[in-house]
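Comments concern the structure below.
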Amino acid sequence: MEELEIRKLRRKTLTVVLYEEGNSQASKHSDCFNEQDGNPLLNVILTYHPDFITADKDCMFGVNGQSVNVEEFREVGVPLFRLGIPQNARLYLEQEIDDLREKIEELKEELERFLSENPKNASTYKGQNLKSLIEFYEKEADEKEEYMNTVITARWIIKQLIDLASEVPEKEVTCIHITPSKLFDELAQQMSETDLVVLPMRTTTHMKQNELVH
């Protein structure tokens, strides 16, 4: 399994235009990358001339909710790469969560059998203990799933961005990374901590005061 090791770029500067997925018309138009007025994503591409464009694997912003065609990006002369947790690493992380979910179901079945014997068993030590265990494992499973989908996903994306930038011969590298809003803040924070130059671009709905938006 590929290791999650983030190495800082040497003698290179990577500027990431962090672009919120909902900021694009791509959710409505299949030809969103053709040159047309009012297309914010195309305007960003033409403004920054990125060396490459990346997008979270979860981004679905093509026609009828389908993933955007890589060829559409190549039409504007920029390659597109999908980033995220590799399949084998995700399966490993999900297995731990699945084990917890399975344990929860077993406890729920045990509690249901115990209460079927006598509804008053709910107030007994065993009944209360089973309820507490179910709540504990449900919280643990939810937290692990959230951590995987935010912190760990962001780490993998940053690692992959740096790997891609290291292959670009120029010392000044620019990319546009398209991400759903749920991961935006985590990515921005981790990118800054990794000494990447971050240019956050959000929809008006999610803009914060003093946040850099072009």
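The values are calculated or read from the model by the stated rules, or taken from the named source; none is laboratory data. Please read these numbers as outputs of a predicted model, since none were measured by experiment. So basically every Cβ, Gly included, is an ideal-geometry build from the backbone, and we count neighbours across all protein chains shown. Accessible surface areas use protein heavy atoms only, side chains included; no ligands, DNA or RNA. Shrake-Rupley method; radii C 1.70, N 1.55, O 1.52, S 1.80 Å.
When region 151-182 is examined, which residues are found to be part of a helix (DSSP H, G or I), open to solvent by 20 Å² or more (accessible area, probe 1.4 Å) and in contact (Cβ under 8 Å) with a residue 12 or more places away in the chain? V151, I152, R155, K159, Q160, L164, S166, S181, K182, listed by residue number. Cβ-Cβ distances below 9 Å connect the following pairs, each with a first residue in region 1-28 that is modelled with pLDDT under 80, a second residue that is surrounded by 21 or more Cβ atoms within 10 Å (Cβ to Cβ) and of a type in the set (S, T, N, Q), and a separation of six or more residues or different chains: E21/T179. Whenever a residue of region 102-127 is in contact (Cβ under 8 Å) with a residue 12 or more places away in the chain, its partners that are in a helix (DSSP H, G or I) and open to solvent by 90 Å² or more (accessible area, probe 1.4 Å), lying with C-beta atoms within less than 7 angstrom and at least six residues away or across chains, give the pairs F114/K126.
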